[in-house]
Amino acid sequence: MNNIILSSFIPLLGSQFSSWEKHPTIVSGVFSSFLFSFGSWIRAIIAVSASSMAGLVCSNSGMEQVLVEDEVQQVKLLDSVNDDHGGVIVELSEAMDLKVFASMLKASIALWRSQGKRGVWIKVPIELINLVEVAVKEGFWFHHAEPKYLMLAFWIPEGAHTLPANASHCVGIVAFVMNKKREVLVVQEKSGIFRGTGIWKFPTGVVDEGEDVCAGAMREVKEETAIDTEFVEVLAFWQSHKSFFEKSSLHFVCMLRPLSFDIQKQESEIEDAQWMPWDDYVAQPFVQKHELSRQLVDIYKAKEDETYFGFPPVPIASKLPDQKNYLYFNDRDLKSSMV
């Protein structure tokens, strides 16, 4: 340990250490034992006249110390774990005084900087939202928010950060369900851009977090019409931009096979629902004029004629236990090419 730093601490440890000042190796061992007894607390020397930390060293016991000029304070570091990209993650869980949090944050950033860390993530639960202003004043920014927490981000190295952006897309589904009578399942919505237009459309919805596209499509049909279905395949997909609070969307057109036929509309969202003859659906002025709708009608017709094949879900192994992932691909053509 640096002799200057040891000499600064010797008066604090008592006059009995004064005779050891010329023996830094002995003092280092005694000093390390002293620090160890404080658990996660550290000896930090914080310059009263300066807003930034002067420097940072580590004792032999692995306890971190911040170098100070004229005052000694005990500062507890924020608990953190390393991420997979050279940064750290902090999950706040206990209420604390704003000044205490500011001191802990400053000391922690100094330590992380000395360790060569890059990105810093702080997860702030909604009940500790009062701590956000302190972090923002230190240079943190809002990365994303969920119902019960706010995620803050900070970049330690000089220059532009390389942290990933917040999720840029939501995932939606369009459900094409046709029975053996060549009738398609359609709805009229109580809200949205089609409200009050008289347009009949296929059931649509948004895939939930952690939900597969195939599962989301079956769930949306069940919720809106009470019809049970079996997922067949993804027929097509398209991407749109700035559709919801400046975010983009991916829409998957899904073909499902009906397993029940008695419709019970969802009272909260659906104005009406029915099994509609395919030709009547196609004849709607909106379908005829809307380019995307015309393209999808061509796909549906080709599928009915068995000249078009989509992408069924094929289960594959997941890195998570008791969970399956799905690879959507044209397994029919793949199998034919391998014969």
**Study point:** Residues H144 and S114, FRET efficiency given R0 of 30 Å [Cβ-Cβ distance, rounded to 0.05]
**Key:** 0.60
Exercise for review: Could you please state, rounded to a whole Å, how far the C-alpha centre of the range 274-339 is from the C-alpha centre of the range 98-162?
Suggested key: 45
Study note, to complete from the structure: For M255 the rounded accessible area (nearest 10 Å², probe 1.4 Å, non-protein molecules ignored) is 40
Review point. Once Lys and Arg get +1 and Asp and Glu get -1 on their Cβ, which of L98, H144, Q115 lies farthest toward the positive end of the dipole of the range 80-155?
Key: Q115
Point to revise | Share antiparallel - DSSP beta bridges, the range 169-328, percent rounded to 5 | key: 75
Revision key, fill the gap. Rounded to a whole %, the carbon-and-sulfur portion of the accessible area of the range 80-155 at a 1.4 Å probe is 55
Exercise for review: Compare the Cα positions of S318, F286, I299 along the charge dipole of the range 260-323 (+1 at Cβ of Lys, Arg; -1 at Cβ of Asp, Glu; about the Cα centre) and return the one farthest towards the positive end.
Suggested key: S318
Point to revise | Proximal aspartates and glutamates relative to K301, as straight alpha-carbon distance under 18 Å, when same-chain residues fewer than 8 apart are discounted | key: E183, E233, D279, D280, E291
Check your understanding: For the range 169-328, which whole percent of the accessible surface, found with a 1.4 angstrom probe, sits on carbon and sulfur atoms?
Key -> 53
Practice item. State the Cα centre-to-centre distance between the range 197-247 and the range 173-189 in whole Å. Key: 12
Exercise for review: Heads up, I need the accessible area for D83: 1.4 angstrom probe, whole protein in place, Å², nearest 10.
Suggested key: 40
Review point. If you roll a 1.4 Å probe over the heavy atoms of the protein chains, what accessible area per residue do you get for the range 80-155, in Å²?
Key: 54
**Study point:** Order of exposure, largest accessible area first, which applies to S240, S80, S93 with probe 1.4 Å
**Key:** S93, S80, S240
Study note, to complete from the structure: With DSSP loop assignment and no more than 12 other C-beta atoms within 10 Å, the trypsin sites (Lys or Arg not before Pro) in the range 256-306 are none
Check your understanding: In Å and whole numbers, how far do the C-alpha atoms of the range 209-330 stretch along each principal axis, longest first?
Key -> 48, 38, 33
Point to revise | Shape category assigned to the range 80-155 from the gyration tensor of Cα positions, a/c cut at 1.5 | key: oblate
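The values are calculated or read from the model by the stated rules, or taken from the named source; none is laboratory data. Here the structure is a predicted model, which is why all the values come from computation and not from measurement. In this analysis, Cβ positions are derived from the backbone assuming ideal geometry, glycine residues included, and neighbour counts consider all displayed protein chains. Heads up: the accessible areas ignore ligands, DNA and RNA and are worked out on the full protein's heavy atoms, side chains in. Shrake-Rupley method; radii C 1.70, N 1.55, O 1.52, S 1.80 Å.
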